[in-house]
Each structure stands twice: as structure tokens, then as C-alpha cells.
Amino acid sequence: MDFEHACASHRSSLGEFALPGAEKHYPPDLEIEPVHLDIALALDLVARSAAGTVTVSVEGRRAGPMSLALDAIAFEDLSVRDAEGREIRWSYDGKKIDVHWEESFARGERRRLAVSYRVVRPASGLFFCAPTEAYPGEPWFAATDHETERARFWLPTVDLPCVRSRLDFHLTAEARFTILANGTLVSEDRHADGTKTAHWRLESPCPSYLTCFAVGEFVRADDGEFEGIPIVYFAPPPFSPADLLRSFGRTREMLAWMTKKLDHPFPYPKYFQFALPGFGGAMENISLVSWDDCFVLDETLAREWGPRVDLVNLHEMAHSYFGDLVVCRDFAHAWLKESWATYMEECWLEDAKGEEERRYHSYRHAKAYFQEADDKYKRPIVTREFSSSWDLYDRHLYPGGACRLHTLRCELGDDVFWPAVADYVRTYAGKTVETDDFRRILEARSGRSLGRFFDEWFHTAGYPFLKVSFEHDAKKKEGTFKIEQAQVDEKAGVPAFHLAIELAWTAGEATETLAVALDKARETVVVPMEKDPDSVRVD
């Protein structure tokens with residue numbers, strides 16, 4: 001997800017990150033896991049409703065379980081049955097569908113659960129727009145947007161990232177509309193009543209928050225292919241194909257850079273993007289990226305906003321690997337997608353425009369993170385204690401994590417870091433990950449023990465803030481540096497970091513340096529020094 005989109009909605013309370021009473025969050029047990037969703041829905045854009053049946057294929061992970069809970073908010077006309085006729089009991093409280101089979105599962109056994117329902121003007125997750133008498137110029141569309149837990153407003157599912165299901169969509173709407181969804185278009189059939197049904201299929205496992213479709217009156221701009229992958233952009237009128245190409249026309253170049261940088265082919269069958277009003281940012285839905293239409297640029301705006309749109313484009317594309325292909329097991333580890341996508345912006349600028357451009361972007365990231373850490377709260381990048389998963393999508397997660405990735409890269413060196421990243425993507429493609437999975441790959445490549453680094457930089461709050469004083473003793477011919485890690489706060493859980501810094505002093509034309517390893521809150525370094533230096537520098 002685009003950083004600006006997340007931060008614009010983030011709460012601005014001061015002090016503690018989590019509200020009083022916040023509990024620790026863990027991924028759920030998956031004794032019975034949804035592995036495939038067949039989504040057969042009819043969309044009525046005028047009534048702002050969707051109705052039909054979602055068939056949930058589930059698999060027993062061990063012998064014995066009998067119950068499953070699906071997230072489903074404000075469903076109407078709900079009915080639930082076992083597709084093969086097995087006896088079940090089910091209940092619904094407006095938020096969850098609780099299903100109980102009379103016969104327990106065998107290990108590896110698959111069953112299908114048919115959930116029929118209707119949603120009307122859902123509060124979130126699925127958004128409708130159509131012309132009205134008051135607003136006759138409104139566009140026609142129905143489209144989804146889910147980060148972090150909003151698929152449940154229209155889709156019966158376990159609405160958490162640890163559950164990844166393969167998808168088939170059978171979406172029915174007026175024949176004049178374009179129908180898009182994750183994956184590959186299998187067929188499109190017109191009906192006598194003036195509607196059509198599009199069948200889209202995604203063979204790759206997909207978490208609920210990346211499940212996506214868009215139906216509406218769209219302008220289309222084809223932008224060729226990248227290694228056989230079609231690149232197409234969509235938006236409602238009055239946008240033109242030229243507007244779309246102007247805005248997103250660097251996509252192929254970015255795909256070429258990304259696949260080379262990560263040493264991994266693009267993992268999905270297409271790269272489609274659509275832009276609609278009111279979406280408030282951009283979202284990395286698998287093979288179908290969504291944008292707010294404010295990012296569709298005319299010739300004048302392109303001169304100012306073009307570079308920003310390119311970075312958001314790159315950010316969402318990076319999620320194809322970090323977040324889509326390799327999925328964080330739960331929101332505590334969301335940095336493995338958002339910090340990575342933010343850092344890849346820097347890496348793109350480094351290779352496309354040079355090191356100075358990367359440095360400036362890194363400076364802006366650090367400044368944004370410091371502002372939140374200093375003015376609002378300090379929290380670990382990896383934390384299970386939060387009031388809402390959405391609260392995690394802050395400046396710690398995006399620029400704060402990106403800065404830490406660059407620190408890690410500098411610590412290991414490019415010859416270790418980038419091959420390790422490629423190993424990580426290749427090893428965990430199609431799987432869920434936690435922070436330790438990434439750490440172990442880096443350790444295997446580098447031979448380094450990185451537990452302390454990750455504990456300090458990712459699992460505890462705060463960042464190093466040094467206060468340094470210097471005195472020269474002419475009689476002893478010594479210079480004394482007194483170094484304090486001023487961030488240390490035992491009550492807040494902010495530690496002393498293990499840091500390698502460099503001290504430098506200049507006398508006349510001569511500059512000398514000394515590497516120093518810090519690991520305490522206060523340290524004193526005494527250096528032989530003939531003369532009182534003209535200047536001293538730290539790090």
C-alpha cells in the first residue's frame with residue numbers, strides 16, 4: 001500500500017502506540033483451512049449490491065477438527081450448506097459465520113462449503129459508484145479495496161494474511177461494463193438479459209486483503225507486454241488512454257529493473273492497473289493494482305507529479321514480491337512487505353538516477369520516521385501489541401523500516417545482501433513468513449549472527465541518538481570523547497544499541513579517524529592527540 005495513503009488515515013494521538021487495554025495479536029489456528037474460493041456474484045451498480053454464492057473449499061490440517069469460523073459482516077439472506085450434502089450446523093451473529101460439521105475431518109480431507117448471501121451498500125471493502133439525479137456525472141463502477149481487514153464486508157473468508165486461497169471469480173454485471181479480477185481471464189459469456197459473466201482464475205495462493213475485482217465503464221490503455229506479461233491500464237471517462245499512458249507508462253521499464261534486481265521472474269500472469277475516485281492511494285492487489293484517480297495526470301500535472309507517481313508505481317510493483325508472492329504470516333510482521341516496498345523506491349532511484357538521489361530520498365524517509373518517533377510515540381517495528389492492525393501502517397512501518405533495511409544492507413555489503421534477498425524471495429515464494437525467516441536467510445549467506453541486530457533494530461523501540469562532548473588536555477596530549485546514547489529509556493524499553501561509529505579530528509591539513517564500537521549507554525574514548533584540533537566529527 002502507498003505510504004501516504006496509510007499515514008493520512010493514521011491516528012494522531014500522542015504517547016503510547018497501543019491504546020489502553022490493547023491485547024497481543026497472534027495468527028489463528030488453521031485446523032481447517034480455506035484453500036480455494038469460487039466467487040459467483042451478480043453486481044447491481046444501481047442498487048449498490050452484490051448477491052450470489054461463494055463456495056469455500058477447505059482442507060483439514062489434522063484429523064479430528066469439526067468447526068470453522070468465517071468473517072462476514074452484515075450479510076443478508078444468508079444460507080450455508082455443505083456442497084456434498086453433509087450435515088452441518090451453523091450460526092451467524094452479523095460478524096462471523098460459525099460452521100460445525102457433524103462428522104470430523106480426516107487429515108488432508110477436502111470439503112466444500114456453499115455460502116449464499118447478499119450485501120447491500122457495504123460499509124467498506126466493496127465500493128459502488130453510479131450517476132444519480134444529484135450527481136449525474138458520477139462514473140459507473142463497483143470495486144474492492146481491502147487493506148487491512150475489510151474483505152469481510154462482502155466476502156466470507158478468514159480475513160487474515162495467514163490464509164491464502166486460490167481463486168475463481170464468476171462475476172455477472174451489465175454487458176456494457178468491463179469486468180476485471182485477479183489472475184487470468186478464462187471466459188466471458190453474454191446472456192439474453194443484457195448481462196455478461198466473466199470468469200477470472202488466479203492459480204497462486206492469495207490472502208483476502210489482496211483479493212480484488214473491478215467492474216465498470218472504463219477507458220482502456222494497452223501498454224504492450226513484458227516477457228509475455230500484458231500491461232494494461234484502466235480508468236473511467238473522461239480520462240483518456242493518453243492520460244493513462246502518461247501516468248503509468250514507465251511500468252515496463254520498472255518491471256525490467258525489478259526482475260533483474262531480485263533475480264526472479266515476474267510471478268503473475270498480467271500487470272493490470274485501474275484508477276478510480278475515492279480510493280485514497282494505491283494498493284498492490286495481485287496482478288490488479290488499484291489507484292486513486294488523483295494519480296492520473298494531465299500534461300500540466302505530469303511535470304510536477306510524474307516522479308511521485310513513478311515511486312508509487314514502483315512501490316506497488318515491489319509488493320508483487322514483498323507481500324504478494326512472499327506473504328507476512330500476520331500483521332506483526334507487516335514490515336516485511338511495507339518497509340521493503342518503501343526501501344525499493346530508494347533502490348530504484350539509486351540505479352535510475354544515482355546515489356545522490358537515493359541519499360536524498362533516504363533523508364526524507366529518516367526525517368518522516370524521526371518526526372513520528374519524537375513527536376508521537378516510539379514502538380518496535382515488529383510488535384504484536386496494537387489496538388487495530390491498521391494502526392501498524394504508520395511511519396515506523398514505512399520509512400522507519402526502510403531506513404533499517406539500508407542499515408542492514410550497509411552492515412552486510414551488497415555482495416551479501418542482494419544475493420540473500422534473492423534467496424529469500426526464491427525460498428519463500430508462495431509461502432508465509434515471519435521476521436526470523438528473513439534473518440536466517442541473511443545469516444546463511446553472510447555467516448553473521450544477526451540476532452542482536454534484529455533484536456535492537458526491529459524488536460525494540462527507538463533509535464540511536466548520540467550526545468558527544470570533547471575536551472583536549474594539552475598537558476597529557478590527549479583528546480577525550482564522552483559519548484552518551486541519549487535514547488536509552490529503561491521504562492520505555494529503549495535500549496543502548498551496539499553501534500560501529502567513526503570519530504574524526506582535524507588539525508591543520510591532517511585528518512585522523514578512529515573506529516569505535518559502542519555497546520553501553522555512556523562510554524569514554526581517550527585518544528593520543530598532540531594538538532587541540534581545529535574540528536572534531538562523529539560518525
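The values are calculated or read from the model by the stated rules, or taken from the named source; none is laboratory data. In this text the structure is predicted, and so the values were computed from the model without any measurement. As a convention, Cβ positions derive from the backbone with ideal geometry for all residues, glycine included, and neighbour counts pool all protein chains shown. Just the protein is used for accessible areas: all its heavy atoms, side chains included, with ligands, DNA and RNA removed. Shrake-Rupley method; radii C 1.70, N 1.55, O 1.52, S 1.80 Å.
Condition check: open to solvent by 10 Å² or more (accessible area, probe 1.4 Å), of a type in the set (A, V, I, L, M, F, W, C), at pLDDT 95 or above and assigned to a loop (DSSP other than H, G, I, E, B). Does F272 satisfy that? Show your work before the answer.
On the way: open to solvent by 10 Å² or more (accessible area, probe 1.4 Å): yes; of a type in the set (A, V, I, L, M, F, W, C): yes; at pLDDT 95 or above: yes; assigned to a loop (DSSP other than H, G, I, E, B): no.
Taking the combined requirement at face value, the residue does not satisfy it.
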Taking the conditions exactly as written (among the aromatic types (F, W, Y), open to solvent by less than 10 Å² (accessible area, probe 1.4 Å) and assigned to a strand (DSSP E or B)), does F128 satisfy them or not? no
Return yes or no: is A198 of a type in the set (A, V, I, L, M, F, W, C) and open to solvent by 20 Å² or more (accessible area, probe 1.4 Å)? no
Do you know which of the residues in region 444-465 that are open to solvent by 40 Å² or more (accessible area, probe 1.4 Å) and free of Cβ contacts under 8 Å to residues at least 24 places away in the same chain is nearest to G401 (Cα to Cα)? D455
So, of the residues in region 45-67 that are open to solvent by 20 Å² or more (accessible area, probe 1.4 Å) and touching a residue at least 60 places away in the same chain (Cβ under 8 Å), which turns out to be nearest to T144 (Cα to Cα)? R48
Residue pairs within 6 Å by beta carbon, gap of at least six or interchain, first lying in region 466-478 and open to solvent by less than 60 Å² (accessible area, probe 1.4 Å), second among the acidic types (D, E), listed first then second, are H472/D532
For the subset of region 215-257 comprising residues that are under 23 Å from the mean Cα position of the chain (by Cα) and among the aromatic types (F, W, Y), which member is most open to solvent (accessible area, probe 1.4 Å)? W257
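Looking at I501, I483, which is the one that is without any contact (Cβ under 8 Å) to a residue 40 or more places away in the chain and surrounded by 14 or more Cβ atoms within 10 Å (Cβ to Cβ)? Walk me through it before giving the result.
On the way: I483 fails: without any contact (Cβ under 8 Å) to a residue 40 or more places away in the chain.
After ruling out the rest, the residue left standing is I501.
For the structure I just gave you, tell me whether T259 is among the hydroxyl-bearing types (S, T, Y) and more than 27 Å from A142 (Cα to Cα).
Working: among the hydroxyl-bearing types (S, T, Y): yes; more than 27 Å from A142 (Cα to Cα): yes.
Answer is yes for this residue.
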